[in-house]
Amino acid sequence: MKDAWPVLIVLNLSIIGCLGIGLKFYTPPVRVPIVLLLVSCFTLFINFSAFVLFLTEKILPREQEFGKIIKRFRRGDSRMQNYVLPLDYVDENYEIRGRCMTYNPIGGDFYNFLKDNEGNYWMGIGDTSGHGYVAGLFSLMIMNQMSHLVHKFETPHEIIDQILEQLEERTNAFPHIHRSLYATFLLMKADNKGNFHHSGIHPSLVLYKSKEDKTYVLSTDGKFLSTVMNSPLKKPKPSQSFKMDRDDILFCFTDGLFEQKNRSIGGYYGENLYKFLETAPKKNIRKLIDDLFSDVVKHTGGRIQDDMTLLVIRKF
């Protein structure tokens, strides 16, 4: 009754109002006491029906409960971003900064970076299919495996193979895990001299070469993090490589960043992203990220359609 009383009050007041109007214009072929009895029975029936519908969430409570759930997830979302994704990192070799904006309260985009015991830098960025807490949990599993395996294996493609093996074992152990769930994931390893090795299927990277004042697009290749999407006939490929020199900047992003759509004109942000990265001032990476996200949100009219994540790395 604590939550149902507003509904019951509205119904009863409506019935009383209708009864008052009806009695005012009533011409008695039937005696008034009988009419009042019929109205009382009808009122009891309406109250009982409304209460049952309320308890089974066929009327207003569904919307009310949905609102509570959304508020709860939104509160949890900011805590998830603050507690799970790594803080920006700066040392004598690299400046590494990330930003993630989710479409739903909990999204599937993620990034991670850390140093192994030998002083190598490991950086990963990924996008799990779908939205919501299932995609978020899948992303957390990948981040957890990455943080553990970088201390045991030497190359990115070996670690991705290990994550795939453990994903297969987990899926077999828990059959309720949907095999259709997958993630694009790029894993990179760098030494302090700027030598990078990377593996994984993910949107291409953009490398800004400071000496040339020019940007280059670097393709990626590897495997999906999925138990069903990798062809068994595809031969494993070793990790690819590139070199970053002093003041070079690497931009890594999920597809949600360049696929944001302007509903008015129907255009995607894609080409604007590459133009922005070419022309934007690059002395302050944090400001560059803020300006880019503001530009994307402005392009969409304040309504993003997918998670979007950016990972930026500067070589010192």
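Here are a few things to note about the model shown:
- Base-10 log of normalised Debye intensity for region 80-315 (one unit scatterer per alpha-carbon) at q = 0.12 Å⁻¹: -0.66
- With DNA, RNA and ligands ignored, accessible area of His176 (1.4 Å probe; Å², nearest 10): 130
- Environment charge of Leu149, counting only residues whose C-beta is closer than 13 Å and scoring Lys/Arg +1, Asp/Glu -1: -3
- Solvent exposure, largest accessible area first (probe 1.4 Å, DNA, RNA and ligands not counted), of Thr220, Thr309: Thr220, Thr309
- Whole-angstrom gap from region 245-285 to region 177-200, using each part's C-alpha centre: 20
- Heavy-atom accessible surface of region 138-266: percent carbon and sulfur, 1.4 Å: 50
- Net charge over other residues, Cβ less than 9 angstrom from the Cβ of Ile201 (K, R count +1; D, E count -1): 0
- The Cβ shell under 14 Å around Leu187 holds other residues with a net charge of -2, Lys and Arg each +1, Asp and Glu each -1.
- With a 1.4 Å probe rolled over the protein heavy atoms of all chains, the accessible area of Glu158, Glu118 falls in the order Glu118, Glu158, largest first.
- Solvent-accessible area of Cys41 with every protein chain in place, 1.4 Å probe, in Å² to the nearest 10: 80
- Averaged over its residues, region 99-244 has an accessible area of 49 Å² per residue, based on protein heavy atoms and a 1.4 Å probe.
- Alpha-carbon centroid distance for the pair region 203-218 / region 141-175, whole angstrom: 30
- Met101 sits with roughly 70 Å² accessible to a 1.4 Å probe, with DNA, RNA and ligands left out of the calculation.
- Computed over region 127-192: relative contact order in percent, which uses C-alpha pairs under 8 Å that are six or more apart: 45
- Pairs beyond 19 Å (Cα-Cα), from Lys152/Lys315; Lys193/Lys223; Lys211/Lys283; Lys209/Lys298; Lys152/Lys243: Lys152/Lys315; Lys193/Lys223; Lys209/Lys298; Lys152/Lys243
The values are calculated or read from the model by the stated rules, or taken from the named source; none is laboratory data. All figures in this text were calculated on a predicted structure; none of them were measured in a lab. Every residue, glycine among them, receives a Cβ derived from its backbone with ideal geometry; neighbour counts consider all protein chains shown. Just the protein is used for accessible areas: all its heavy atoms, side chains included, with ligands, DNA and RNA removed. Shrake-Rupley method; radii C 1.70, N 1.55, O 1.52, S 1.80 Å.
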